[in-house]
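Asker: Here it is, the structure in full.
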Amino acid sequence: MKFTQFLKTKGAIAAIFMGIFYAVAMLGIFLPGYSSIPGNVDKLPIAIINDDAGEYGAMIAEQLQEQLPFKEIETNLTSKQALNDLEHNELALVVHIPATFSEDMEKGETASSIDFTINEAGATTVSSTMNAVVKEINNQLRAQFSQQTAQGVLMNFNVPEEQAAELANMIETTYVGNIITINEIPDGMNQNMLPMFLTMAGYTGAMIGAMQLVAAFKESRGKASKTRLFSYVQLTALLVAVVSSLAGTGIAYFINEPSGGLFLSIVGQQILIYMVCFNFTAVLIFLVGEGGMILNLPILLFQTLANGATIPRDMMYLPYEWISHISPMYYSVQAYYASLFGSISPSPYIWSMVAVGAVAILINISIVAFIHKPMQVEDKVSDTEMKKINNGTEATV
């Protein structure tokens, strides 16, 4: 066989096709998706809460609205409402100017503080970007207020040495920006990415399991009814979900050491995400066979960007945002952020995941019922029964 002949074999053609297809798919999905960082940072919503009735508070609030690079700035919320929205990742940053800000600035006796609150239990891009933005704001405000205070010192240049030292200290401590972090995540990228890694483990295992179990379903046609075989497929998937979830959660506890009280909830969510993703990815395989796996991989790649672990919905380009609404990965990642690191209930995300799984299994049932042609079930006689028949035949001869 010549090399050119070998290149014409099905295996070689498939390898060439898959190599080109996935190179184009991965780069064509990842590069445009990640180009939204930092380009779409201005789409992140923030809130500025000014409780100060004095001159300084109004001036700072106005300056921040003009200078901050965000298109959506809420100013009509109470501090409680804003912090609640921040907990649910509906806001990326809450700036709070306290009621005593102007009074403190005018007295110059104690440092006045503006609170900048950031939620770490969310997309990594948000917390890192907000930290950088807040540091820049604080540097500008510190320089501004130090300059104003210095002007006041110069007006009283001929002052005793002790008083001059006090005035110099006033320049340094006139303004203090207080960065508050809620729902802090333990140090280590493995901690921050744990929601995504747990979800990816369940999704990829379920996708491969769907390919194998649907193949077993098709191979077993004629040996049992479609209904029975479909139920066997689901029961086997559930068995795999339980075993793999226990194994995966065990590794997560060995390395990341999350709270022991979360063990059952993590195992439960892993089982759920496996079953949801199993039926989600099985749709294309039930529909078009092995070719469905080729399509499932680009869908997986899309969801690695659309799951909200790195980029929040507010920053996503439209195709990725649309996919996030039907993506089981998105709801799983958000549920894990809420349960592992947050202080809100993961229930809304869990129920959204259940809804995606319910729709997927209904579609699979419909495909099996209406597209897969019925086959007559073989009525095979067991070896034991055949021996009895043969023995009975021999006895009558």
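The values are calculated or read from the model by the stated rules, or taken from the named source; none is laboratory data. This structure is a prediction, so every number in the text was calculated from the model and none was measured. Note that we place each Cβ from the backbone using ideal geometry, even for glycine, and neighbour counts take in every protein chain shown. Remember, those area values only see protein heavy atoms, side chains included, never the ligands or the DNA or RNA. Shrake-Rupley method; radii C 1.70, N 1.55, O 1.52, S 1.80 Å.
Asker: At 0.36 nm per residue, minus the direct Cα-Cα distance, what do residue 90 and residue 347 gain on full extension? Give it in nm, one decimal, please.
Answerer: Gain on extension, residue 90 to residue 347, equals 90.9 nm.
Asker: What FRET efficiency comes out for the pair residue 239/residue 325, r = Cβ-Cβ distance, R0 = 35 Å, nearest 0.05?
Answerer: Once rounded, the FRET efficiency stands at 0.70.
Asker: Okay, next question. Compute the distance in nm between two label points, each set 7 Å from the Cα along the Cα-to-Cβ direction, one at residue 251 and one at residue 375.
Answerer: For residue 251 paired with residue 375, the spin-label model returns 3.5 nm.
Asker: Sticking with this one: Packing-wise, with mean Cβ within 10 Å as the measure, how do 118-128, 33-43, 241-251, 94-104 rank, highest first?
Answerer: 118-128, 94-104, 241-251, 33-43
Asker: So between residue 359 and residue 65, what do we pick up on full extension, going 0.36 nm a residue minus the alpha carbon distance?
Answerer: Taking residue 359 through residue 65 to full extension adds about 101.5 nm, to one decimal.
Asker: Another question, if that's okay. For 88, 372, what's the largest-to-smallest order of accessible area, 1.4 Å probe?
Answerer: 88, 372
Asker: What is the gain in length, in nm to one decimal, between residue 190 and residue 17 on full extension, counting 0.36 nm per residue of separation less the C-alpha to C-alpha distance?
Answerer: Additional length available on full extension: 58.8 nm.
Asker: Where the eigenvalues come from the Cα gyration tensor of segment 1-135, what are the semi-axes √(5λ) of the equivalent ellipsoid, largest first, in whole Å?
Answerer: 54, 13, 11
Asker: Something else now. Report residue 135's accessible area, 1.4 Å probe, all protein chains in place, as a number in Å² to the nearest 10.
Answerer: Estimated to the nearest 10 Å², residue 135 gives 120 Å².
Asker: Obtain the nm distance between the two label points defined at residue 313 and residue 140 by a simple spin-label model: each point lies 7 Å from its Cα along the Cα-to-C-beta direction.
Answerer: 3.0 nm
Asker: Averaging over every viewing direction, what projected area does the convex hull of the Cα atoms of segment 312-365 cover, in nm²?
Answerer: Its Cα hull, projected and averaged over all orientations, spans 4.2 nm².
Asker: Could you tell me the accessible area of residue 142 in Å² (1.4 Å probe, neighbours in place), rounded to the nearest ten?
Answerer: Surface open to solvent at residue 142 totals about 90 Å².
Asker: Taking a 20 Å limit on the Cα-Cα distance, which of the listed pairs 80/135; 10/373; 226/373 fall beyond it?
Answerer: Cα-Cα > 20 Å for 80/135; 10/373; rest within.
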